[in-house]
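Chemist: One structure is given below, represented as structure tokens, and several questions about it will come after.
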Ligand SMILES: [Zn+2]
């Protein structure tokens, strides 16, 4: 990414301690994606940090579906906005964002690593080992699967072959 095309700074109340904090929003022009907003909030008093990424253009609620067959699709660029949920139906994996969830820019493979990281924190036992094995094979491009991203604000994007449709029962329940 090159220099930001715009920078805006403003003050808000820290969501954790209520103190005044400075937020910075940078806009970048990114090929295939259009304008991308990256915002940074850092609270000096309590240490709260939030980095968020989303596309500048909000849209209709959308379900984005990627058929992953191997390495090519694993390298697709993904912008997952803060409010978007993610599911991999073949593995029974679902992620729904909490109130302080952050948006990020990653790849399809990066999302598999997010799930692996979450498993390490929250999950023990046989079923988890099975999912971990599945995810490790998926990272290596040895299993086919579907990645489903559901975004109520339409700010998520996938750069690559993807199907866009309406939010339906394939989406994890949004809070
Ligand atoms: Zn704070």
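Only the coordinates and a few stated rules stand behind these numbers; no lab work does. Just so we're clear, the structure is a prediction, and the values are computed from it rather than from any experiment. So basically every Cβ, Gly included, is an ideal-geometry build from the backbone, and we count neighbours across all protein chains shown.
Chemist: With the calculation restricted to Cα positions, what are the radius of gyration and Dmax of the chain in angstrom?
Modeler: According to the Cα coordinates of the chain, Rg and Dmax are 17.2, 50 Å.
Chemist: Next up: Could you identify which residue out of 67, 20, 155 has the top mean-square fluctuation in a GNM of the chain using Cα springs shorter than 10 Å?
Modeler: Comparing 67, 20, 155 in a Gaussian network model of the chain, the most mobile one is 20.
Chemist: Using 0.36 nm per residue, how much length does the chain from residue 60 to residue 123 gain when fully extended, once their Cα-Cα distance is taken away? Could the numbers behind the result be given before it?
Modeler: Numbers: separation 63, 0.36 × 63 = 22.68 nm, distance 3.45 nm.
Difference between extended and current length: 19.2 nm.
Chemist: Could you work out which residue, out of 85, 45, 24, moves most in a Gaussian network model of the chain, that is, has the largest mean-square fluctuation with Cα springs under 10 Å?
Modeler: With Cα springs under 10 Å in the chain, the top fluctuation among 85, 45, 24 is at 45.
Chemist: At R0 = 30 Å, how high is the FRET efficiency between residue 159 and residue 94 if r is their beta carbon distance? Nearest 0.05 is fine.
Modeler: Efficiency for this residue pair is about 0.80.
Chemist: Something else: For the chain, what is the calculated [θ] at 222 nm in deg cm²/dmol (nearest 500), taking -39500 (n - 2.57) for each run of four or more DSSP H residues and dividing by its residue count? Don't jump to the answer; show the numbers that get you there.
Modeler: Values: 3 runs with 33 residues, N = 175.
For the chain, the value works out to -5500 deg cm²/dmol.
Chemist: Then there is this: Based on the Cβ-Cβ distance from residue 42 to residue 3, what FRET efficiency comes out when R0 is 30 Å, to the nearest 0.05?
Modeler: 0.90
Chemist: Which whole number in µm²/s is D for segment 2-67 by Stokes-Einstein, with the Kirkwood Rh taken over Cα pairs at 10 °C and 1.306 mPa s?
Modeler: The diffusion coefficient I find is 116 µm²/s.
Chemist: Shifting gears a bit: Subtract the Cα-Cα distance of residue 51 and residue 113 from 0.36 nm times their separation in residues, and report this length gain in nm to one decimal.
Modeler: Extra length available between residue 51 and residue 113 comes to 20.5 nm.
Chemist: Sticking with this structure for a sec: Can you tell me which of 48, 115, 145 moves the most in a GNM of the chain? Springs connect C-alpha atoms under 10 Å apart.
Modeler: In the Gaussian network model the winner is 48.
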